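The structure under discussion appears below in the form of structure tokens.
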Amino acid sequence: MIPTPNPLESPERDLTDASLREEREKADREMMANRMAVEKDADAVVEHARENADAVMVAAREKADEKADSAAPQATQSTIALDREFEDQALRDERAAADRSVRRERDAKTRLLTRLLPLERDATDQYLLTERARSDDALATRDDFLGMVSHDLRDLLNGVVVSSQFLAQKLEKHSDSAQLLIETARIERYGARMNRLIGDLVDVASIDSGKLAMHAVSGDVSALVEEAVDALQVSASAKGISLEVHNAQEPCAADFDHDRLLQVLANLIANSIKFTPKGGSIRVHCKSVAEAFEFCVEDTGEGIPIAMLEAVFERFWQVGKNDRRGLGLGLYISRCIVEAHGGTIWAESSPGQGTRMLFTLPINAK
């Protein structure tokens, strides 16, 4: 059994929380640096003002001393010097008291900010938790609703397909049976396509909510490749494309979710059929590489620009704005399934040179 991640413990949320903590620490450091810079600038301004005041006072004293030296007796000068000493000491005491007062005021503000910041953070964290709970409730409601709707839609689609098959059997002896059989086959294809689209939407909702279940059992990867090719053989032949298993191997055992990996291979092959012109070819193979099996779907299609090799695995990605050959979810879902098995998926291509879609499955996948 491959564990299903808890939506409340998703890697995306862990990354968001880590990023938030880093931003907070960065903001704290910047705030402290700014505060220290402001205090340093303020101290420099005060010191500069003091130096200017002292310089003015010294200059005034020197002028007064010059006048006093020419007129005042020696005893008077001694008295003046003593008075000045007392005045200077009083000034120094006042400055020291003022400095202590400024420091106390700064410390009080710092302590206040230190107490307020955690309170603001707690309020922000509580708000985020509340919003997350609301978001989880909304997702749960959406998933339940989507599950009910998809179930009902699939029942209706199955009814359409069954009715189409019944009509096809009854119309075999009709005078215009050929055309009617074509129409019933078209109805079946449309129903199958709608069913796939619904399945993709349900899978994306399950991925977002952390409920995309994986049930790994022992299986044969070679048989899996053969099964995927057989399932898409009719679609490839209808478009005049050669689809084959290349270098078929002996049975190779591994643990994997059979239906999900079959879904991945079917998505990759269907994409190749979609973008490979008539007369092209598609080869599918699997080989052992180190401690993993490497699957490859190789086509002779139009290719993918190098700059878009990663973008093709994003949700709702389309070749162009007017492309309507799907929702652009198949490769995104395939990547999620492969990564849930512990593997990786990637594309190799260049315009006009075809495309190779590859993914790995660890041999000891659980």
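The values are calculated or read from the model by the stated rules, or taken from the named source; none is laboratory data. No experiment lies behind these values; they were computed from the predicted model shown. Ligands, DNA and RNA are excluded from the accessible area calculation, which covers all protein heavy atoms including side chains. Shrake-Rupley method; radii C 1.70, N 1.55, O 1.52, S 1.80 Å.
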(request) Could you order 358, 128 by accessible surface area, starting with the largest, using a probe radius of 1.4 Å? (result) 128, 358
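In what order, largest first, do 341, 215 sit by accessible area if the probe radius is 1.4 Å?
215, 341
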(message) Whole angstrom only: what separates the Cα centroid of the range 276-313 from the Cα centroid of the range 331-366?
(response) 9
(message) Tell me the accessible surface of residue 115 in square angstrom (1.4 angstrom probe, heavy atoms of protein chains only), to the nearest ten.
(response) 140
(request) When a/c is below 1.5 the answer is rounded, else prolate if a/b is larger than b/c, else oblate, so apply that to the range 144-300 with a ≥ b ≥ c taken from the square roots of the Cα gyration tensor eigenvalues. (result) oblate
(request) Could you tell me the accessible area of residue 120 in Å² (1.4 Å probe, neighbours in place), rounded to the nearest ten? (result) 110
(request) Find the relative contact order for the range 202-285 and round it to a whole percent, using C-alpha pairs within less than 8 Å whose residues are 6+ positions apart. (result) 40
(request) Could you please state how large a percent of the accessible area of the range 73-134 is carbon and sulfur, counting protein chains only and using a 1.4 Å probe? (result) 59
(request) Pull out a ≥ b ≥ c, the square roots of the eigenvalues of the alpha-carbon gyration tensor of the range 222-263, then state rounded if a/c is under 1.5, prolate if not and a/b is larger than b/c, and oblate in the remaining case. (result) oblate
(request) Once you have a ≥ b ≥ c as the square roots of the Cα gyration tensor eigenvalues for the range 221-342, tell me rounded if a/c is under 1.5, and otherwise prolate or oblate according to whether a/b is larger than b/c. (result) oblate
